[in-house]
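One structure is given here, and the rest of the page talks about it.
The values are calculated or read from the model by the stated rules, or taken from the named source; none is laboratory data. What you see is a predicted model, and the numbers here were worked out from it, not measured in a lab. Here the Cβ positions follow ideal geometry from the backbone for every residue, glycine too, while neighbour counts run over all protein chains shown. Just so you know, the surface numbers come from the protein's heavy atoms only, side chains and all, with ligands and any DNA or RNA stripped out. Shrake-Rupley method; radii C 1.70, N 1.55, O 1.52, S 1.80 Å.
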Amino acid sequence: MKFESLNIIEPILKSLKEEGYTIPTPIQVQAIPIVLNGTDLIGCAQTGTGKTAAFAVPILQILSKNRAFDRKRKIRSLVVTPTRELAIQIEESFKAYGRHTSLKCTVVFGGVPQNPQVAALQNGVDILVATPGRLLDLMNQGYISLKDIEIFVLDEADRMLDMGFIHDVKRIIAALPQKRQSLFFSATMPPAIVKLAGSIVYKPVKVEVTPSASTVDIVNQYVYFTDKVNKSALLLELLKDEKIKTALVFTRTKFGADKVVKVLKKKNIIAESIHGNKTQNTRQRALSNFKAQKTRVLVATDIAARGIDVDDLEYVINYEIPNISETYVHRIGRTGRAGANGTAISFCDAEEMAYLKDIEKLITKKIQVIEDHPYPLLDLHPVKAPKQQHQNHNRPKSFAPKINRDNWKRR
Ligand code: AMP
């Protein structure tokens, strides 16, 4: 199947070619005709599946077909997404796919001054990408009206709920015109999300790209069992491998992210962190440096990393195993994108074994264990104080049944 067979208009086909897209991804094959048909959609797909183009391409097509050139531009399509990074990336995608159309797109998000955003809005836009808080702010100040919205997209609905945006989302929906087309995307569909979807879409068609069909099968996944106290040493050991040009490292906490960066910097590895405590500009700069490979290691928390889209990212390292299994799938979805190679490495300590089990249940496969490494798990029953754990070198080997320490060859 080629993009040509999806009845996409020439100016958009041209930009897709320029982007290097030749074959539509499964979510694009399924969703584009439905959206072009004017039907509401529930898309169950995570980032990395090509879902942005699955909604952006048909929206651009619909809006450019009915564009009235004699009138001032009105916001005719609204995309609401939970994180700033994701919002910026979606806007970039609209601009890239729509570069040969006359449509204008802009993005609004919090954490930065609002004046440039207001100026862009006052110049007139057809498509607005927004995070919920700043959108409501600008609506309340009278800079944004949703009364002309023809197509509404709610992106990453599950994450939106996780981040506590439910009330904001409801207020946004209440301000939309009744007559509209709605597209609802979520990586997972727990009951609360199904309920939310029911309040937004009308007679929707559901399309689903399951994790097992995409990311989980493409990405090579490995787990290293190790003690918590040795994780930073293990990371440094892995980074001796020059094959790892760049790596995205996930930690559970902001504090943890900064700690890992400190350890890496001490060993002259160029590293930066992104998380909620950093300003928007610092986060954008860190991301640009990483994309340009000026930074070798980007350490991120889940929420900050949600929208990260780095072409050719080969390595994702789970410094800590997430306690929500779906988060694991989101994390490893940062690599192996659009058919590229991907490797996901997880460090698992004794306390995280239960999380690992849950993940394997979700992805319905066993993650390959790397036994041959210098920091095997010794402490199966860690006590709370980490310093004491480290000194406990005399445990019997039977505590680490699978791991063969002697096979490790130092490079
Ligand atoms: P998304 O799931 O929208 O975040 O997209 C994931 C990545 O796949 C992005 O880097 C896109 O640029 C890329 N992509 C999307 N659709 C295609 C396609 N049909 N062919 C090649 N790459 C694509």
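Once the stretch 142-179 is narrowed to residues that are modelled with pLDDT of 95 or more and charged (D, E, K, R), the residue that is most open to solvent (accessible area, probe 1.4 Å) is LYS179. Considering only residues that are among the β-branched types (Val, Ile, Thr), open to solvent by less than 10 Å² (accessible area, probe 1.4 Å) and touching a residue at least 40 places away in the same chain (Cβ under 8 Å), which ones fall in the stretch 22-48? If the condition is that a residue be among the β-branched types (Val, Ile, Thr), open to solvent by less than 10 Å² (accessible area, probe 1.4 Å) and touching a residue at least 40 places away in the same chain (Cβ under 8 Å), then ILE27, VAL35 are the ones that fit.
Looking across the stretch 245-286 at every residue that is open to solvent by 10 Å² or more (accessible area, probe 1.4 Å), among the β-branched types (Val, Ile, Thr) and touching a helix residue (DSSP H, G or I) at 6+ places or on another chain (Cβ under 7 Å), the one that is farthest from GLY110 (Cα to Cα) is identified as VAL263.
Can you tell me which residue within the stretch 2-59, out of those that are among the hydrophobic types (A, V, I, L, M, F, W, C) and under 19 Å from the mean Cα position of the chain (by Cα), is farthest from the ligand (Cβ to nearest atom)?
Across the stretch 2-59, the extreme among qualifying residues is ILE42.
Apart from one condition, LYS179 fits all of (1) basic (Lys, Arg); (2) without any contact (Cβ under 8 Å) to a residue 24 or more places away in the chain; (3) closer than 21 Å to GLN114 by Cα; the exception is (3). Take the conditions (1) touching a residue at least 40 places away in the same chain (Cβ under 8 Å); (2) more than 15 Å from the ligand (Cβ to nearest atom); (3) more than 18 Å from PRO24 (Cα to Cα); PRO82 misses just one of them, which is (2). The set of residues in the stretch 62-100 being aromatic (Phe, Trp, Tyr) and either surrounded by 19 or more Cβ atoms within 10 Å (Cβ to Cβ) or outside the structural domain of MET160 (by TED's automatic domain parsing) (or both) consists of PHE94, TYR97.
Out of all the residues in the stretch 316-370, which are part of a helix (DSSP H, G or I) and within 16 Å of ALA305 (Cβ to Cβ)?
Result: GLU326, THR327, TYR328, VAL329, HIS330, ARG331, ILE332, ARG337.
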